[in-house]
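Single-structure report; data block below.
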Amino acid sequence: MAAKLKKGDKVVVLTGKDKGKQGEIASVDPKSGKAVVEGVNVAIRHTRQTQTSQGGRQPKAMPIELSNLAFLDANGKATRVGFRTEDGKKVRFAKTTGDVI
């Protein structure tokens, strides 16, 4: 199945501790059905000091389920994503406005 959400899309979180937060998708893992969104679902990771990097507590964005994310349309509202063919090409569009993404 084609991916409804892709890297670089602006999304809003629908459920969980970060509900209502907005961000851009940094990476998507379609096999597990999860995506990493910048600034959302941040955890503190402790890293050991090495010769090249300073150790300590560093924030890291963790993956979040794709079902808990919604695409932001041109108006800044959450919308679902659909597919249709235009000029022989399959394109994504926002269900609320009908605009091609």
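Each value in this text was obtained by applying a stated rule to the coordinates, not by laboratory testing. Computed from a prediction, not measured in an experiment: that's the story for all the values here.
Quick notes on this structure:
- Kirkwood hydrodynamic radius (C-alpha pairs) into Stokes-Einstein, the chain, 10 °C and 1.306 mPa s, D in µm²/s: 105 µm²/s
- Three principal axis extents of the stretch 42-101 based on alpha-carbon atoms, in descending order, are 56, 25, 19 Å.
- Under-17-angstrom lysine pairs by C-alpha in the chain, whenever the two are 8 or more apart or on separate chains: 26
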